[in-house]
Amino acid sequence: MPAAFTARQRRKDARPQELLDAALELFVEKGFAATRSEEVAVRAGVSKGTLYLYYPSKEELLKAVIQQALAAKIAEGRAMAQGLQGSPGDKLLTVLPHWWGEVYRSPASGVFKLVITEMCNFPELAQFYAREVIEPGSALVAEHLEAGMACGEFRRHDVMSTVYSIVMPLIMLCLHKHSLGACGMVEPMLADPDPFIRHHVALVLDGLRHRPDAAREPLTPPTPV
């Protein structure tokens with residue numbers, strides 16, 4: 001096979017990812033509504049026609065970004081949890097810090113900024129985000145919290161309130177990165193977010209533990225994967 005053909009094929013195969021990367025960068029920088037499709041094509045180094053060949057509208061482009069940046073990673077987190085040994089709490093203490101650490105360090109963390117600032121103007125996209133991200137992500141955490149209650153690891157509690165108690169501060173962490181953090185106002189403790197994420201998850205889960213003995217040892221976050 002000629003080398004030139006092989007190089008062109010590799011370039012073609014990489015093009016969808018290049019378009020998604022360019023779209024996410026621009027959506028976070030300028031906002032979804034303010035970004036034009038032509039700008040995405042230019043940043044990705046392709047024609048507008050090529051962009052529409054892969055993604056026929058800007059809305060479909062954002063859906064693909066959400067699907068790849070967050071929804072697919074939730075599925076990976078579920079698979080990771082299924083492959084782990086230990087109690088439901090132990091699994092959450094491994095999966096959640098690993099998952100959120102990866103999201104925070106990647107451009108995917110910018111998706112939360114888009115959702116908070118613009119989705120109210122795009123109801124269909126908001127529903128897509130809820131269906132693809134909020135519902136499966138909440139279900140994953142809720143299933144382990146319920147399993148922890150069933151096996152006696154956790155005391156009885158309102159599961160969805162706990163889900164939001166875990167998740168909301170971590171979303172805020174990503175928002176800080178793309179707001180004050182983007183202006184150079186980085187909190188020293190957030191320069192390396194992993195210890196904060198592990199501490200936060202452990203703190204919430206430790207509060208759910210049965211405490212027949214006040215001196216019981218708290219949950220200890222596992223070493224990062």
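The values are calculated or read from the model by the stated rules, or taken from the named source; none is laboratory data. Everything numeric here is computed off the predicted structure, so don't read it as measured data. Here the Cβ positions follow ideal geometry from the backbone for every residue, glycine too, while neighbour counts run over all protein chains shown. When the accessible area is computed, the model is the full protein with side chains, heavy atoms only, and any ligands, DNA or RNA have been set aside. Shrake-Rupley method; radii C 1.70, N 1.55, O 1.52, S 1.80 Å.
Calculated mean residue ellipticity, 222 nm, the chain: -21000 deg cm²/dmol, from DSSP H runs (n ≥ 4) at -39500 (n - 2.57) each, averaged per residue and rounded to 500.
The label point for GLU38 and the one for THR50, both projected 7 Å from the Cα toward the Cβ, are 1.8 nm apart. A simple spin-label model places the labels of GLN17 and GLU102 1.4 nm from each other, with each point 7 Å out along Cα-to-Cβ.
Of the candidates LEU145, LEU53, LEU24, which one comes out as most mobile in a Gaussian network treatment of the chain with C-alpha springs shorter than 10 Å? The residue that fluctuates most here is LEU53.
Roughly how many whole Å is it from the C-alpha centroid of segment 50-97 to that of segment 171-205? Here the answer is 20 Å between Cα centres. Which shape class, rounded, prolate or oblate, goes with segment 20-70 when its Cα gyration tensor gives a ≥ b ≥ c as root eigenvalues, a/c under 1.5 marks rounded, and past that a/b bigger than b/c marks prolate? Here segment 20-70 falls in the oblate category. Taking the C-alpha atoms only, the angle from helix 88-105 to the longest principal axis of the chain is near 30 degrees.
With the cut-off at 1.5 for a/c, could you classify segment 9-95 from its C-alpha gyration tensor as rounded, prolate or oblate? Since a/c reaches 1.5 and a/b is larger than b/c, the shape of segment 9-95 is classed as prolate.
Roughly speaking, what is the stretch gain from GLN67 to GLU146, that is 0.36 nm per residue apart minus the C-alpha to C-alpha distance, in nm to one decimal? Mind dumping the intermediate values first?
Values: separation 79, 0.36 × 79 = 28.44 nm, distance 2.66 nm.
Additional length available on full extension: 25.8 nm.
Reported value for segment 89-194: 109 Å³ per residue, from the convex hull of its C-alpha atoms. Accessible surface calculations at 1.4 Å, restricted to protein heavy atoms, place the chain at 52 Å² per residue.
Using a 1.4 angstrom probe on heavy atoms only, work out the carbon and sulfur share of the accessible area of the chain in %. Please list the in-between numbers first.
Details: 6890 of 11770 Å².
So the carbon and sulfur contribution to the accessible surface is 59 percent.
Taking label positions 7 Å along the Cα-Cβ direction at both CYS120 and HIS199, the computed distance is 3.3 nm, reported to one decimal. The longest part of the chain holding none of the exposed loop trypsin sites (Lys or Arg not before Pro), meaning those outside H, G, I, E and B in DSSP with at most 14 other Cβ atoms within 10 Å, is 37-154.
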